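Input: a single structure, listed below in structure tokens.
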Amino acid sequence: MKRRLVVFVALVALWIAAIGAQLWNLQVVRHEEFARRAERQQQRVVELDPPRGTIYDAEGRELAVSMEVDSAFAVPREVGDVAATARRLAPVLHMERAKLERQLAADREFVWVARKLDPPEARAVKALDLPGIYFLQESKRYYPMRELAAQVLGYVGTDNDGLAGLEALYDKTVAGQPGRRTVLRDARQGMAVPPDLPSAAAVAGSDLRLTLDSSVQQIVEEELDAAYTSLHAKSASAVVLDPWTGAILALASRPTFDPNEFRTSSADERRDRPVQDAYEPGSTFKMVTVSAALEEGLVAPSDRFDCEMGAITLAGVRIKDHKPFGVLTVADIIQKSSNVGAIKIALRLPTRDFYDAIRTFGFGEATGVDLPGESPGLLMPLDRWPALAKAYIAFGQGISVTPLQLAVAFAAIANGGELLQPYVVDAVGSGASARALHPQPIVRRRVDSARTVATVQALLARVTEQGGTGTAASNPGYPAAGKTGTAQKAEPGRGYLPDQYVASFVGWVPRDHPRFVAAVVVDAPHGKIYGGDAAAPAFGAIARRVLLAHNVRPERERPDLWPFQPQPQKTTTTAEAATEPAAPPPPGTFPDLVGRTARDAVAETTRLELVPVLRGQGLVVRQSPPPGTPLPARGSRVELVLDVGSKGG
């Protein structure tokens, strides 16, 4: 018995020693390993989206904001009756019941049920009080003005990534840094978010301040929508920019979409047409043709061309005009938009000079605007031009441009000759720490001499006057300058379609002191196909409303524009004196140009075979040489200092 007792005690001792050794191994030697395993089973780190930076318009109005919302997740093991839970949740979340049931039945510790719920949906889910369903707060993007500037702003996906527009291009800037939250399963297998577990707060992204003015954008979209709808067009687009800085004030496309519900929209609705769509510009391109010929000294506004009553035959090909014209001056060719006249002007130009002029105006290359997906248009290399390329390009066929490119080119004429880089984002950051991205306008190049630019300005002003094709672009008191365009649409393999057109108008307003440049393009309008009928009225409506909204008085109500009216003499009535012509300057002396518009002053100095140099905008307030001094030698420079008494003219 004693021996058996000793053996028993020894076995018990060995058993206790083995248990002790195992406990030592588990609790001491392998403590860290098992602690990590327990942590993995009991804890889960959830990454939370940071609030994206706010996008503001030029006046500080919110265009895109981030808000804290609830996201629902499930712990499948705690759900219990999966079928019943799915049946109650599906109608509230507008989800397929079968899909939701599969999610809840997954063999996982954590599954998302619905991300970034709108507040009414979140309240409805919470009211169900379902076991195994929990909530975490995440950041969701909202666009409070809905469709306004939708294609420019773009939209954000569920994972907080920018997927289009500025949201995509500036994603790294506005996205911020994600946060991390540790969730813990408690002793009763419930889910808890203890405050003492590791967590990191999300860091908000940087704000963007845009050049877009939402009031201007609203006007442009309303008028563009009216044209698009009434003309039953395939699409329409418009761009408005400041010709002195390159800042884009509005950019609109139709059809459009609501970025809050971008998943229900089509790719066609989400397309940023003024930047991404290239089309044949038609007669709006005659501005470039005439500008090139004037710059080379090959034509003058008064030169006459036989427009051959509506058709010209080149290399066996008959090219028609939109109506028959006889003999027209260069000024008339632009005003009445003669294709034959434009062709004959272009034929005077060496092909290389014409091509260089086109490139100088920025065609065939991207403008550099800070928006994604910009098209450079299409300009064939000079060595690939077919025999009639110059003739067709002269009136805007055989070349493709974007509405933005055209607006930038016309802005160069409006501002005196500088081709600027357009932009949409003015500053990054908030408050005093905001960093201006464009403290100064970016001048890409000069397009023409001051003399040529002034002449082209005068020619484009006649387009909106009586007898021109763009009279609908002007309003009483708000005269405009610009050019209409009507281009036949081409289809690969079918050539130009006889009944499909793109109508457009590009120009600026007011004519003598431009406040903004705008391009309106209507694709495949029905009923009214010409630029003067389909696009110019929309331009005119936009111009009138925008100028009134910005408190720009009509010219007939602005006596400050005409401060140098002749004073009545004792021997005449006031009415007679107001209509008396100004006394001509003494022969051989330089005239008094103070108080005259830039266009009139340039016309006068050009008549005297002098070269005007313009500084500023508006009316002439100072000149060199002074009035009454002997005329300078032919070709001498004349400095004209302009001012309108207010920023932007």
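Some observations on this one:
- Of the residues contained in the stretch 485-502, none is found to be closer than 29 Å to Glu296 by Cβ, in contact with a Leu (Cβ under 8 Å, 6 or more places away or on another chain) and hydroxyl-bearing (Ser, Thr, Tyr).
- Residue that is farthest from the chain's Cα centre (by Cα), among those in the stretch 147-169 that are within 17 Å of Glu221 (Cα to Cα) and aliphatic (A, V, I, L, M): Leu148
- Among strands (runs of 3 or more DSSP E) entirely within the stretch 289-328, having at least 3 residues that are surrounded by 13 or more Cβ atoms within 10 Å (Cβ to Cβ) and touching an Asp or Glu at 6+ places or on another chain (Cβ under 6 Å) singles out no element at all.
- Only one entry of Ala90, Ala64 meets the criterion of being part of a strand (DSSP E or B) and surrounded by 14 or more Cβ atoms within 10 Å (Cβ to Cβ), and that entry is Ala64.
- So Pro439, is it loosely packed, with under 15 Cβ neighbours inside 10 Å, at pLDDT below 95 and touching a helix residue (DSSP H, G or I) at 6+ places or on another chain (Cβ under 9 Å): no
- Filtered residue count, the stretch 228-255, keeping only those that are crowded, with 24+ Cβ neighbours inside 10 Å and either small (Gly, Ala, Ser) or not assigned by TED's automatic domain parsing to the domain that holds Asn415 (or both): 7
- Among the candidates Thr360, Thr402, residue that is within 19 Å of the chain's Cα centre (by Cα) and of a type in the set (Ser, Thr, Tyr): Thr402
- Output for the stretch 118-132, where each listed residue is within 25 Å of Tyr142 (Cα to Cα) and in contact with a helix residue (DSSP H, G or I) (Cβ under 7 Å, 6 or more places away or on another chain): Glu121, Ala124, Val125
- Selection count where residues are assigned to a loop (DSSP other than H, G, I, E, B) and at pLDDT below 95, scope the stretch 157-175: 6
- Index of the failed condition, Glu295 passing every other in (1) more than 25 Å from Ala524 (Cβ to Cβ); (2) in contact with a Leu (Cβ under 9 Å, 6 or more places away or on another chain): (2)
- Condition check for Val509: under 20 Å from the mean Cα position of the chain (by Cα), over 21 Å from Glu280 (Cα atoms) and buried (at least 23 other Cβ atoms within 10 Å of the Cβ): yes
- Residues satisfying the stated conditions in the stretch 329-351, i.e. in a loop (DSSP other than H, G, I, E, B) and either buried (at least 18 other Cβ atoms within 10 Å of the Cβ) or hydroxyl-bearing (Ser, Thr, Tyr) (or both): Ser337, Ser338, Leu349
- Residue check for Leu419: modelled with pLDDT of 95 or more and under 30 Å from Tyr155 (Cβ atoms): no
- For the stretch 463-505, the set of residues classified as at pLDDT below 95 and among the charged types (D, E, K, R) consists of Glu465, Lys489, Glu491, Arg494, Asp499, listed by residue number.
- Selection within the stretch 504-545 - in contact with a strand residue (DSSP E or B) (Cβ under 7 Å, 6 or more places away or on another chain) and in a helix (DSSP H, G or I): Gly531, Gly532, Ala534, Ala536, Ala538, Phe539, Gly540, Ile542, Ala543, Arg544
- Near pairs, Cβ below 8 angstrom, 6+ apart or cross-chain, from the stretch 127-144 (outside the structural domain of Ala202 (by TED's automatic domain parsing)) to any residue that is surrounded by 22 or more Cβ atoms within 10 Å (Cβ to Cβ): none
- Options Leu371, Leu406: the member that is part of a loop (DSSP other than H, G, I, E, B) and hydrophobic (A, V, I, L, M, F, W, C): Leu371
- Considering (1) touching a helix residue (DSSP H, G or I) at 6+ places or on another chain (Cβ under 8 Å); (2) more than 12 Å from Tyr392 (Cα to Cα), the lone condition that Ile343 does not fulfil carries the number (2).
The values are calculated or read from the model by the stated rules, or taken from the named source; none is laboratory data. Note that this is a predicted model, so its numbers are computed, not measured. Cβ atoms come from the backbone with ideal geometry, glycine included; neighbour counts cover every protein chain shown.
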